[in-house]
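A short write-up of the structure that comes next.
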Amino acid sequence: MASLQQTSLVIILIMMMITFFHISSVRATVYFVGGPNGWTPMFDTNGLTLDYTEWQSPRTFQVGDTLVFHYRPNEDNLIQVTHQDFERCNLDSPINLYISGYTKIILDKVGHYYFLCGYHCSQEQKLEIIVNPSPFPTTAPPPLSMPPTSQSNLPTSTAVNKYSSIFISIFIMALAYVFLY
């Protein structure tokens with residue numbers, strides 16, 4: 001029969017596993033803005049301009065998440081602006097200007113972020129992001145590798161380090177088994 005000490009250890013290990021699984025589900029997420037099309041003007045099947053509200057609306061952004069903008073450097077750009085400049089498509093006072101074709105923005109604070117394209121803002125190529133606090137302390141996601149060669153290979157989002165806690169939990173269970181039996 002298992003001793004009280006062994007039973008307590010098993011209960012603690014099970015609680016640790018539950019905690020690891022829960023934390024893995026709330027880790028930072030990497031979002032590829034615009035999905036497989038990237039950061040480009042969006043059109044419906046009739047050729048009418050769409051805005052990025054449809055892309056943004058089903059997503060909830062939290063501190064620690066990352067936005068990845070993939071665009072054509074000579075045909076699009078990325079400009080971070082104030083709310084006022086966002087509403088007016090005003091390019092005169094940018095907070096940040098990105099022209100590389102591949103831009104990674106880590107959402108490091110709660111609040112509104114406003115982005116637009118200096119070439120196509122009037123065609124609704126602009127994005128407002130509302131960032132919520134993270135329920136747990138966050139660390140910055142690992143750096144992303146070089147940009148993909150094809151925009152069609154871009155996922156719309158991926159969880160960062162989702163399976164690392166599963167590995168840790170299995171390792172802890174194996175250690176507990178070795179020490180208990």
* **Built amide H within the under 5 Å cut-off of GLU124, gap 5+** => none
* Karplus (6.51, -1.76, 1.60) ³J(HN,Hα), θ = phi - 60°, over the stretch 52-63, in Hz, Gly and Pro reported as x -> 7, 4, 5, 5, 6, 4, x, 9, 10, 9, 10, 4
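Computed from the coordinates by the stated procedures, all read-outs in this text should not be read as laboratory data. None of the values given here were measured: they were computed from a predicted structure.
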